[in-house]
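Can you read through this structure? Questions will come right after.
Derivation of every value follows stated rules applied to the coordinates shown; laboratory data play no part. Everything numeric in this text was worked out from a predicted model, so none of it was measured. Heads up, the Cβs are rebuilt from the backbone with ideal geometry, glycines too, and the neighbour counts pull from every protein chain shown.
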Amino acid sequence: MTPALLPVVAAAVAAYGLDVEVLACDPELADTAAFCDHYGFALDDAANTIIVTSKKVEPPMRAVCVVLGTTRLDVNRVCRERLGVKRVSFADADTTVELSGMQIGGVTAPGIEGLPLWIDAAVLGRDRVVMGGGNRSSKIALDPRELLKLPGAEVVDGLANPVMDHPNPEGTG
């Protein structure tokens, strides 16, 4: 039985002609480090999708960021500068679900519309990455250059920095 992507993710994959492999995932193993360990993927072949939001600015300024599992998103410098605001943070779980319609542990760039999409240049240096399927029971594997087909996609040098001391710097999936 083929695992099911969240419908909004499946629709985006079809609409933008993304070439993806859909993978099944035990929902208990959806977080990046657990998934990679159990299913045999290198953590630097995992791409986390993180929504960032401005603080104390109305309306809030937001962006979707894609970074490797071995990196930490540069919220305080790069994201802040790109959004043109003084303070930026990770969107909380409720805001992430509200903006994406996706479950934490399965958030992915395909299917999130209306926000800038920033892809760390290091992601494009990989031959293949695995990322969320919109839910905790599926993942997608793809050539990361496929992400450039998504509306608003932009490659950002230095969007994230390598982290060597933590198996999952972002704690997301």
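Grab the other residues whose beta carbon is less than 10 angstrom from that of residue 99, score K and R as +1, D and E as -1, and report the net. Display every interim value, and only then the final one.
On the way: positive: 62; negative: 94, 98, 113.
Local charge sum for residue 99: -2.
Can you tell me the alpha carbon radius of gyration of region 92-166 divided by the globular rule-of-thumb value 2.2 N^0.38 Å? Mind dumping the intermediate values first?
On the way: Rg = 12.8 Å, N = 75, 2.2 N^0.38 = 11.3 Å.
Here the answer is 1.13, to two decimals.
Pick out which of 88, 97, 129 has the largest mean-square fluctuation in a Gaussian network model of the chain, springs linking Cα atoms closer than 10 Å.
Evaluated over the chain, the most mobile residue of the options is 97.
Calculate, for residue 15 and residue 127, the FRET efficiency according to 1/(1 + (r/R0)^6) with r their C-beta to C-beta distance and R0 25 Å; round to the nearest 0.05.
Details: r = 25 Å, r/R0 = 0.99.
It comes to 0.50.
Something else about it: Per Stokes-Einstein, at 4 °C and 1.567 mPa s, what whole-number D in µm² s⁻¹ belongs to region 6-137, with the Kirkwood radius over Cα pairs as the hydrodynamic radius? Each step should come with its number before you reach the end.
On the way: Rh = 15.2 Å.
Estimated via Stokes-Einstein, D reaches 85 µm²/s.
Now for a different question. Please work out the Kirkwood hydrodynamic radius for region 52-91, using every pair of different C-alpha atoms, and report it in angstroms with one decimal place.
Numbers: mean 1/r = 0.0972 Å⁻¹.
This gives a value of 10.3 Å.
So how far apart, in nm, are the two label points at residue 92 and residue 55 if each is 7 Å from Cα heading toward Cβ?
Distance between the two pseudo-spin positions: 1.2 nm.
Also, quick follow-up: So who's got an amide H within less than 5 Å of the one on residue 159, skipping anything under 5 residues away but keeping other chains? H placed 1.01 Å off N, in plane.
121
Right, something else. So what's the net charge close to residue 115: Lys and Arg +1, Asp and Glu -1, counting the other residues with Cβ under 15 Å from its Cβ? Mind dumping the intermediate values first?
On the way: positive: 62, 82; negative: 98, 113, 154.
Summing Lys/Arg as +1 and Asp/Glu as -1 gives -1.
Still on this model: Quick one: if you stick a label point 7 Å off each Cα along the C-beta vector at residue 72 and residue 113, how many nm between them?
Inter-label distance under the simple model: 3.6 nm.
Also, quick follow-up: Nearest 500 deg cm²/dmol is fine: what mean residue ellipticity at 222 nm does the chain get from its DSSP H runs of n ≥ 4 alone, each adding -39,500 (n - 2.57), divided by its residue count? It would help to have the intermediate numbers written out before the result.
Values: 5 runs with 33 residues, N = 173.
So the calculated ellipticity at 222 nm is -4500 deg cm²/dmol.
Relative to the present Cα-Cα distance, how much length would full extension add between residue 143 and residue 24 at 0.36 nm per residue of separation? All intermediate terms of the calculation are to be shown ahead of the outcome.
Working: separation 119, 0.36 × 119 = 42.84 nm, distance 1.80 nm.
My answer for the length gained is 41.0 nm.
Tally Lys/Arg at +1 and Asp/Glu at -1 over every other residue whose Cβ is under 14 Å from the Cβ of residue 21; what's the total? Don't skip to the answer; put the middle values down first.
Values: positive: 128, 139; negative: 19, 45, 127, 143, 146.
Local charge sum for residue 21: -3.
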